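The values are calculated or read from the model by the stated rules, or taken from the named source; none is laboratory data. It should be emphasised that the depicted structure is a prediction, and the values quoted were computed from it without experimental measurement. Every residue, glycine among them, receives a Cβ derived from its backbone with ideal geometry; neighbour counts consider all protein chains shown.
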Number of protein chains: 2
Amino acid sequence: MSNKVRNESRTVEDLGEFGFIKSIASGCINRLDGVVYGIGDDCAVIGPFGDRVLLVTTDLLIENVHFILDRIPPEHIGEKSIAVNLSDIAAMGGLPRHTFVSIAVPRLFPARVLNGIYGGIKSACKAYGVNLLGGDTSSSPGGLFINVTAIGETNKDSVMYRRGARVGDRIYVCGTLGGSVAGLKILKGEIPAAPEQWPSLVLMHTRPRALIKEGLTIGSCGMATAMIDISDGLVADLGHVCEESKVGAEVQEDSLPISEDLLSLGKQYHVDVTEYALTGGEDYALLVTVPPESAREFEKLLEQKTGAKPTDIGEITAGSDVKCMTPAGRQRHLETRGFNHFTS
Amino acid sequence: MSNKVRNESRTVEDLGEFGFIKSIASGCINRLDGVVYGIGDDCAVIGPFGDRVLLVTTDLLIENVHFILDRIPPEHIGEKSIAVNLSDIAAMGGLPRHTFVSIAVPRLFPARVLNGIYGGIKSACKAYGVNLLGGDTSSSPGGLFINVTAIGETNKDSVMYRRGARVGDRIYVCGTLGGSVAGLKILKGEIPAAPEQWPSLVLMHTRPRALIKEGLTIGSCGMATAMIDISDGLVADLGHVCEESKVGAEVQEDSLPISEDLLSLGKQYHVDVTEYALTGGEDYALLVTVPPESAREFEKLLEQKTGAKPTDIGEITAGSDVKCMTPAGRQRHLETRGFNHFTS
């Protein structure tokens, strides 16, 4: 970039990621037919095609922003780039079908590493039963960039949005929380623990799993009112649901689904794993709201279809705040802003 | 990247872009239903949904690889990122409907420039009647990266592939050739001409137009046998058609559609504009093959529907070579490799 271009006062950092997204979200629809939902949820929804709709999502993964090349095997980078996109489709209640991968690599990038990344992309596609149907390749003047677009499908009446939560709904989490950020901190040496002694936490970060079966079950059961995947952290993503649904939420921190390994790590290294569970990103768990009268049946169905009970972590409330209550009944002070890629 | 990762002998540059694409193109289909065509053409084709199919394409634009920020207005970068993707949809005979834009920007990038780019993206979407339905944003540790995914649609019997050309077919070009590379060379100072004196050539580079109406007419007319958009250069893209169709081609260089302005530039600065027309990339003209018995009718139809006659530049031949003949009937020496983003 030239000095002429750089020499300006207001930067994208000042703007902030969410501020920027809001500023561009108007005037994006020029032809309404064929659009069910545009910008503002985990996926766009296009169609309908008969009784089906397509879900489309796209995600960037950038070296030294989203991953550090020598701390994570190339295969895992490839797998993760697919899984995080499929998680967005799961969060809308869809079945992922196709992926498209654009990749920019430095000219002297080792072929072995690039092949490893594509090996991971292909093995993830195979594991999830999705196709790799295209993409683009380019040289990069600075670091590795991966952009994945994923397309899924579902019945037009089974799409789950962020906007449907209602006061009194129970808040459920499928999956566990806080493991990914713990794994990242171990890999970065911010917690002085040997990565090989905490494989489950490291893998939560390097090989997240998209909860497809859970998302499909939730979408088709007709009981849930809202869903989102937890990529920015529980508080931030629950905040997105509350904002879109115009409600608040109260979370009981002693109910959070935290793995035994993460609890052990917390004790051993004196770290506040509840904070990890509340604000750590990249868990790719699913957050779901369900009216109280359906709660029992919902738990039973999920356990029956997926083998795991969802965790009831709290309740949707009137207002607009996301409150987190300690076991003593006090409100925990929370940093409620979402993860901001322009400043983090 | 760490030294550990860098310290390897074989790089992506050794592999080459097309070699790499070939190496990954197998094992990409894990579930065949819902896929009409995967990797290997301008778009993937998914569906059918009733009698319709969707066309999906994705393209990367990278600062200092695909554009230089202070030589092209931000609005034009935005417009171009949309147009080049829509051109891929035009090349398959489709109507573009939706776009998704991922963008990675340095933290201290001027908000004004980013807003300009999105202004261009939105005005292009408006001009083409397509929607902007989503995307991703991130900080970038090095330069500006834009990835656009575009989705189009067409009747399932109107899709145009690269693979259908037959011996004896006439080769047509809609649009002109060589202007974009001339504009680029003017902007970069490689031709000592003032950009403001050659606006049509500079605009060919900075504001290419996707030939949607032409593509739709060609797709639906039932006369054409193959189509591609000319993004890598005429010889390279005709080569792709020949390879996929298992044929050769003979182009008459005095038939090439070269604009008056480009001819003037050639005379004034003693540059070989025929070479530009043959190998210069990013013209986003459409190359079409048509059986000789339909040629007249095809020309007439295109002129009637789009206001411009396509240019007959040569003939599909047996064999596999793309030959270019001088007015004296001699074969011109050609560099037949396509544009390689890993080495260029």
Original post:
Which number in (1) surrounded by fewer than 24 Cβ atoms within 10 Å (Cβ to Cβ); (2) hydrophobic (A, V, I, L, M, F, W, C); (3) within 18 Å of the chain's Cα centre (by Cα) marks the one condition that B:Ile218 misses?
Top reply: (1)
**OP:** Say whether the condition of being acidic (Asp, Glu), surrounded by 13 or more Cβ atoms within 10 Å (Cβ to Cβ) and over 17 Å from A:Thr176 (Cα atoms) is met by at least one residue in segment A:294-310.
**Re:** no
Original post:
If you go through segment A:70-111, how many residues are charged (D, E, K, R) and at pLDDT 90 or above?
Top reply: 5
Original post:
When the residues of segment A:126-171 are filtered to those that are within 8 Å of chain B (Cβ to nearest Cβ) and in contact with a Cys (Cβ under 8 Å, 6 or more places away or on another chain), which remaining residue is farthest from B:Ser102 (Cα to Cα)?
Top reply: A:Asn131
**OP:** Just need a number here: residues in segment A:187-201 that are part of a helix (DSSP H, G or I) and either surrounded by fewer than 19 Cβ atoms within 10 Å (Cβ to Cβ) or at pLDDT 95 or above (or both).
**Re:** 6
**OP:** Consider B:Asp232 carefully, then state whether it is touching a residue at least 12 places away in the same chain (Cβ under 8 Å), outside any helix (DSSP H, G or I) and crowded, with 21+ Cβ neighbours inside 10 Å.
**Re:** yes
Subject >> Filter pass, A:Asn115 being at pLDDT below 95 and more than 7 Å from chain B (Cβ to nearest Cβ) >> reply: yes
Subject >> Any hit, segment A:63-82, residues being touching a strand residue (DSSP E or B) at 6+ places or on another chain (Cβ under 9 Å), among the polar types (S, T, N, Q) and more than 9 Å from every other protein chain (Cβ to nearest Cβ) >> reply: yes
Original post:
If you check B:Glu13, B:Glu17, which single one turns out to be acidic (Asp, Glu), in contact with a Leu (Cβ under 8 Å, 6 or more places away or on another chain) and facing chain A (nearest Cβ under 7 Å)?
Top reply: B:Glu13
Original post:
When you look at B:Val65, is it among the aliphatic types (A, V, I, L, M) and in contact with a Cys (Cβ under 9 Å, 6 or more places away or on another chain), yes or no?
Top reply: no
Subject >> Failed item, numbered, when A:Val271 is tested on (1) among the β-branched types (Val, Ile, Thr); (2) within 21 Å of the chain's Cα centre (by Cα); (3) not in a helix (DSSP H, G or I) >> reply: (2)
Subject >> B:Ala182 being surrounded by fewer than 22 Cβ atoms within 10 Å (Cβ to Cβ), in contact with a helix residue (DSSP H, G or I) (Cβ under 8 Å, 6 or more places away or on another chain), among the aliphatic types (A, V, I, L, M) and not in a strand (DSSP E or B) >> reply: no
Original post:
Which residue pairs have Cβ atoms closer than 7 Å, lie 6 or more positions apart in sequence or on different chains, and pair a first residue in segment B:195-210 that is within 13 Å of B:Val181 (Cβ to Cβ) and assigned by TED's automatic domain parsing to the domain that holds B:Lys267 with a second residue that is surrounded by 24 or more Cβ atoms within 10 Å (Cβ to Cβ) and among the basic types (Lys, Arg)?
Top reply: B:Thr206/B:Lys80; B:Pro208/B:Lys80
Subject >> Candidates A:Met160, A:Met223 - the one that is out of contact with any Lys or Arg (no Cβ under 9 Å at 6 or more places or on another chain), in contact (Cβ under 8 Å) with a residue 60 or more places away in the chain and surrounded by fewer than 21 Cβ atoms within 10 Å (Cβ to Cβ) >> reply: A:Met223
Original post:
Which numbered condition trips up A:Ser123, out of (1) of a type in the set (Gly, Ala, Ser); (2) under 24 Å from B:Ser23 (Cβ atoms); (3) more than 8 Å from chain B (Cβ to nearest Cβ); (4) touching a Pro at 6+ places or on another chain (Cβ under 6 Å)?
Top reply: (4)
Original post:
Take the residues of segment A:24-47 that are farther than 23 Å from A:Asp237 by Cβ, surrounded by fewer than 20 Cβ atoms within 10 Å (Cβ to Cβ) and within 7 Å of chain B (Cβ to nearest Cβ): which is modelled with the lowest pLDDT?
Top reply: A:Gly27
